[in-house]
Structure formats: C-alpha cells, structure tokens
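The values are calculated or read from the model by the stated rules, or taken from the named source; none is laboratory data. Computed from a predicted model, the values in this text were never measured in an experiment. A quick note on method: Cβ atoms are made from the backbone with ideal geometry, for glycine too, and the neighbour counts reach across all protein chains shown.
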Amino acid sequence: MTKGRPSAGRSMVRWALGHRARRILCAGGMVLTMAPAISSLGCRASRALPETIGNRTAHVDQIMSRVDAGAPPETLTTPVIAPLTLRDPEALAKADYRDLTLQQALNQAMSNSEVLRDLNATVLRAPETVTTDESPGLVQTDPQLGMEAALSAFDAQLTAVGTWQNNDRRFNNRFFGGGANAFKQDVHDYVLQLSKRTATGAEISLRSITDYDANNATGNLTPSAWQTQLHAELRQPLLQGGGLAFNRIAGPAALPGVYNGVLIAKTNSDISNAQFREDARNYLSNVINAYWDLYFAYRDVDAKQEAVARSLETWRSYDAQKSSNRRGGSAEALAREQYYRFVSELQDAIAGKLIQRTQTNNSTSGGTFAGVTGVQAAERRLRLLIGLPIADGQLLRPVDEPLSAPLIFDSQSLAVDALRMRSELQQQRLLVKRRELEVIAAKNFQLPTLDLVTTYRLRGLGKDLAGSDSAFNELGTGDYQEYEAGVEFRMPVGFRQAHAAVQHAKIQVARERAVLREQERQITHDLLAVVAETDRAYAQMETNLNRYLASKDALDALEANRKAGLPISLEQLLDAQRRLNESQSRYHLAMTEYMIAAKNVYFESGTLLENCHVGIIGDTVKAVPVASE
C-alpha cells in the first residue's frame, strides 16, 4: 500500500535527523542542488548559535551584572582639565591665544560632528531625538520599515520538513487495515521547497516531496515503496494584490492603511536624508552664531577696558584734587563709583554668565543675536559646538571681521532658491508624494481577490529511491504527469474598509498639500523678513558708528577742557564716559547683528551649507567640510 503525505493527525518530529534520515535527504537531487546555498547561509548564522539558542550565557551574564549594578562606566573617562579662569584684564592680555577664522571653525565642527550638537543640552534631556551620523543609516536599515526590509519580502524562501512515524494498531475491519486486522507501518516524509514572490505579486514554488512507506497491507506490490514528486506551482493575483505598481508601493503583505513597499521605503529614506540636511544646517548656523558671539565678546571687552582706563584716570585726577583740598570729596566718590562700575562690567565681559545665547530658532529660524555675553563663557560654548576640549590652556580668538559694505539681495531669486532648496519643503514634498502613492495602493483594496492557481507535478514510484527499479527512475521517464489549475475568488460585501482606506489616503494628501502651501508661505515671509533685517542692521551699524564718533568727540572736548584747567561739570563728564562706552559696545553689537542677519538670509534661502562650503556626501550621509576655492 502506497501512502501519500502524512495527515495532520500524525505525530511529527522535525529536524531530529538520524543517520538514516540524513542519508535519505542527501540522496535527493534537489537537496544536493541547494546544498551550497544552505551552507553559505549556515556559515553566517552559525556565529550567533552560542549566544542565542545555545546554553553559553557568560556574555549575557556579564552584561546583566553591569545592569544590576546600575550600568556604571566600564572604563575611566579622560581626565578633565580645569577651565581657564581669567580674573582680571592682565590675565586676559597674557593668555595664550589660538586665532580662528570662521571657515576653520566650520571645518573643525563638521570634522568632529558625529553628534550634531546644540546648546540646549538635548543630548542629556532627550538623547533619542539627537541627530547623529548614524541617523540616516538607522532609517535605511530599519528591519521593519527600511529599504532592505521592503526588499526582503521578495527574497526566496527555503523550507525543509522531515517527519517520521511508526504505526502499530489493530482494526476491527480488514478493509481499514489494508487486508489485515493488525496493521504495522513505518512512514517517512521529506519535503523541500523553494518559493519566491515576484514584483507582480505572483508566488512561484518549486517543491520536492519524497515518501517512504513500509507496511504489512496484503494488497501492496512490495512490502515497502518510495514515492517522489516534483511540483511547480504558481499563484498569481489577478485583481487585489496583483500588479507591479501595487507591490512596489505597498509590498506583498500590505493591509489597508499599512504600506511598506520599496517605493514607500525609498521615500522614507529620502525624507530622512533631507532631515539630516536640515539638522546639519541648524548645527552649522549655531556654530556661526557662537563664533560671532565670541567676536562680540572680545570687542565688548575692548570697549570696557577703554572705559576702565578713562574712568581710572578721572578718578585719580579728582582724588588728587581732594588730597590738595581743591575739590570736595563727593566728586572723588562719584568718579570712584564710576570706575568700579566699569570694572564690574569688565569682569562680567571677561568671564560671562551662564545665560541664553544666540542659537537656532531663538526668535527667528536662524537665531537672533542676543548681545549679552562674555569671553570665557562664549569661548567654552564655541568649543562645545565644534568638538574641541572644553579647556586646553588656550583661548580661541576670532580673527574674521564683520562686513562693512552694504549687501544687496535679489529677493525674487532668493525666494526661488528657498522654495527649491529648503530641507523642510523637500521633506514635505516627499511626504506629499508618499501620500499620493498610498492613494494608489489603497484603491487596489477596492478590488475583489481573484487568484489563478496552477500546479504541475511529476510522479515516480519504486521499491527503492534510486536505481533501476526506483522512484527516481520512474520520475525521470516522465510517464506520470499531472496538471492542476483553478481560480480562487473572495470579496467582502460592501468593501467598507477599502473605501475608508481610500478616503483616509485622499484626506492625508489634502492635508499634506495644505501644510506644504503654508510652509512655502511661511518661508517666503521669513526670507523677506531677514532681508529687511539686513537693511535694518546695516543702517543701525552706520548710525551707531556716527553715535560712537560723536560721543568720542564730546568726551575728548570735555577731557581737553578739564586738563586745561577750565571748569566742567563732573556729572556731564561721567555721563559722557558712559555714553562713549555704551555707543562703542552698541556699534560692535550692530556689526555682529549685521553678520547674523546676512547669515540668516542664506539660512532662509536654503543655501547656508553651500555658502559655508559644506557638503553632505558618502554612504552614511555625513556632513563634511568642502575646501573653498
């Protein structure tokens, strides 16, 4: 009696291959054909066996011991160098300086930008949101949503099954026992299948089935027999789930509203790259802001040092007059108070305070100059951003000077560049395209399921598996061929879920398009605003220069009169000193505001990276400095 494949009720022992079973499997032609593929896969997978399915837990125990201990550092951190502390102007003058151009600062930043840093300590408060060099790669290699995950749905699948059973039973009727009341049977089943999904949604399978059946049924030709079959099967969706477009968009395992085909994954990857470009731009903008923060800090110190020197001379003059009883003590006290006021301001200008500084998205997208800073605080912040040690015995000192010439911008061409280059708009446009693809995929679910299923079989039966009177020999003759074809139809009455999916996808498209239009409007508004800001900052720079020159002339005239012995008002003299100090600082502040405004024009137009000679290249989409010509 020849048996077919074992029924579902048979007890199955999978992969407990004994010597005989291995010999039988290796005798199959299809098994030998696929042996190289199995071995190549096995060599790679076997490396994970000891740590995953094995009983070697030493490595896991080592990790958990650190977890139980609160995950302390496994190695000592680099010794921290004490920060350079400047307590007076003399220490500032004697400090060891490292002159730095803006382009050098940008190159240093992008060369050490594994993590795109900011000044809000986001890496401590929300480390999972911080952008790093690995961020685009994480999206591309996501095992659920990445490109490789989408392509894996079309990978060939190899399946092998071996089952063995021994039956020993009695039947009340000889008919059920094959002519005997006591039925004994030894059955082996071996199945090897290679299947693959195509881009049109079809599933192609090649299958080898080999059965061995030895029993005591009286009607058998031989006490034991081998039966082997070769199947070629094709299942092609004709309506729902079929077609190149749907499978590239949604993937073969898609559900209404859940799409992760190759095109969707590619779009997500492009959105991630545009997001990385946006984060690199923000980081670069913060570096530029920090550079000009430090520049202004040095100029502010210069102004306050001059104010201290002038007030000290005034104080000493009135102190001498007090000693000779030519003037009252109130004049000396007022001059002394002004001197210490300027000394206090100078100390803060040197050391700085830990307060908010210029940064991206502070008032405007590119940042608005704060103008309250200090040399040491600003220098440490610049070091933090560009990846230098917090202290190394040197002080960074900007050597680039702000522009003094008016900048004339073509608003029309800048607006065109902004709409074309802004990363936010690129991301939103890609999102709109993704939603449009999802509409196409959703419409496919409004079709019923109609699959064409066809199977071709070759059969062979023999006393032995191989040889003259064998199953393989009969299989090779091609005498026993079978063909089967059919269609399967299935549909939900009403297609309620499919219609909802289409409407949802269309609403998503409408929403993203509305957001895109508003983003374009917002970006155009912000661009024109910063262009106007450059005009305002330049006008302020010229006005404050004139103010500074006027206050200097006024103080020089008063000082000349005082030195000539002419009577002057002390209050007027002290007020003139304060006005000169304030106007000098305000002039440098206006110059710095002008540079920040000019930088923000490139920021808003989406060309800041190109203007700073920074490119995003490489497989990891890493931002790297590009040498200027």
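Confirm whether Ala349 is over 39 Å from the mean Cα position of the chain (by Cα), at pLDDT 85 or above and closer than 29 Å to Ala95 by Cα.
Numbers: over 39 Å from the mean Cα position of the chain (by Cα): no; at pLDDT 85 or above: yes; closer than 29 Å to Ala95 by Cα: yes.
No; evaluated as a whole, the condition is false for this residue.
Scan segment 516-523 and give yes if some residue there is in contact with a Gly (Cβ under 9 Å, 6 or more places away or on another chain), under 23 Å from Ala418 (Cα atoms) and modelled with pLDDT under 95, otherwise no.
Taking segment 516-523 and keeping what is in contact with a Gly (Cβ under 9 Å, 6 or more places away or on another chain), we get 523.
Checking which are under 23 Å from Ala418 (Cα atoms) leaves us with 523.
Those still in the list that are modelled with pLDDT under 95 too: 523.
So far as segment 516-523 goes, yes, one or more of its residues are in contact with a Gly (Cβ under 9 Å, 6 or more places away or on another chain), under 23 Å from Ala418 (Cα atoms) and modelled with pLDDT under 95.
Among Gln240, Gln227, Gln165, Gln185, which is the only one that is within 29 Å of Val453 (Cβ to Cβ) and assigned to a strand (DSSP E or B)? Spell out how you get there, then give the answer.
Working: Gln240 fails: assigned to a strand (DSSP E or B); Gln165 fails: within 29 Å of Val453 (Cβ to Cβ); Gln185 fails: within 29 Å of Val453 (Cβ to Cβ).
Result: Gln227 is the single residue among Gln240, Gln227, Gln165, Gln185 that is within 29 Å of Val453 (Cβ to Cβ) and assigned to a strand (DSSP E or B).
The conditions are (1) in contact with a helix residue (DSSP H, G or I) (Cβ under 7 Å, 6 or more places away or on another chain); (2) within 30 Å of Leu580 (Cα to Cα); (3) surrounded by fewer than 18 Cβ atoms within 10 Å (Cβ to Cβ); (4) modelled with pLDDT of 90 or more, and Asp302 fails exactly one of them. Which is it?
The single condition Asp302 does not satisfy is (1).
For Ala510, only one of the following conditions fails: (1) more than 30 Å from Gln446 (Cβ to Cβ); (2) modelled with pLDDT of 95 or more. What is its number?
(1) is the only condition that Ala510 fails.
Name the pairs: first residue in segment 541-553 and under 18 Å from Glu401 (Cα atoms), second residue buried (at least 17 other Cβ atoms within 10 Å of the Cβ) and of a type in the set (Asp, Glu), Cβ to Cβ under 8 Å, at least 6 apart or on different chains?
Met541/Glu593
Being part of a loop (DSSP other than H, G, I, E, B) and hydroxyl-bearing (Ser, Thr, Tyr) is the filter; apply it to segment 191-224 and report the residue that is surrounded by the fewest Cβ atoms within 10 Å (Cβ to Cβ). Quick ask: steps written out before the conclusion?
If we filter segment 191-224 for residues that are part of a loop (DSSP other than H, G, I, E, B), which is where we start, we get 198-202, 216-223.
Imposing the further condition that a residue be hydroxyl-bearing (Ser, Thr, Tyr) reduces the set to 198, 200, 218, 222.
Working: Thr198: 14, Thr200: 16, Thr218: 10, Thr222: 13.
Here the residue is Thr218.
Is one or more of the residues making up segment 485-508 free of Cβ contacts under 8 Å to residues at least 40 places away in the same chain and more than 50 Å from the chain's Cα centre (by Cα)?
Looking through segment 485-508, none of the residues is free of Cβ contacts under 8 Å to residues at least 40 places away in the same chain and more than 50 Å from the chain's Cα centre (by Cα).
For the subset of segment 449-480 comprising residues that are surrounded by fewer than 15 Cβ atoms within 10 Å (Cβ to Cβ) and in contact with a Lys or Arg (Cβ under 7 Å, 6 or more places away or on another chain), which member is farthest from Ala225 (Cα to Cα)?
Of segment 449-480, the ones surrounded by fewer than 15 Cβ atoms within 10 Å (Cβ to Cβ) are 453-454, 456, 466-469, 476-480.
Retained after the next criterion (residues that are in contact with a Lys or Arg (Cβ under 7 Å, 6 or more places away or on another chain)): 453, 469, 480.
Values: Val453: 31, Asp469: 10, Tyr480: 16 Å.
Filtering first and then ranking leaves Val453.
Being in a helix (DSSP H, G or I), over 17 Å from the mean Cα position of the chain (by Cα) and more than 24 Å from Ala245 (Cβ to Cβ) is the filter here, so list the residues in segment 416-443 that pass it. So that I can check it myself, show each step before the final result.
Pass one, segment 416-443, residues in a helix (DSSP H, G or I): 416-421, 423-443.
Subset that is over 17 Å from the mean Cα position of the chain (by Cα): 416-421, 425, 429, 432-443.
If the condition is that a residue be in a helix (DSSP H, G or I), over 17 Å from the mean Cα position of the chain (by Cα) and more than 24 Å from Ala245 (Cβ to Cβ), then Val416, Asp417, Ala418, Leu419, Arg420, Met421, Leu425 are the ones that fit.
Looking only at segment 146-162, count how many residues are loosely packed, with under 15 Cβ neighbours inside 10 Å and either among the polar types (S, T, N, Q) or within 15 Å of the chain's Cα centre (by Cα) (or both).
Residues that pass the stated criteria total 3.
List, please: which pairs have Cβ atoms under 6 Å, are six or more places apart or on different chains, and start with a residue in segment 251-270 that is within 14 Å of Val439 (Cβ to Cβ) and end with one that is modelled with pLDDT under 90 and in a helix (DSSP H, G or I)?
Final answer for the pair search is Gly261/Ala150.
Here are some conditions: (1) farther than 18 Å from Ser605 by Cα; (2) modelled with pLDDT of 85 or more; (3) assigned to a loop (DSSP other than H, G, I, E, B). Leu407 meets all but one. Which one does it not meet?
(1)
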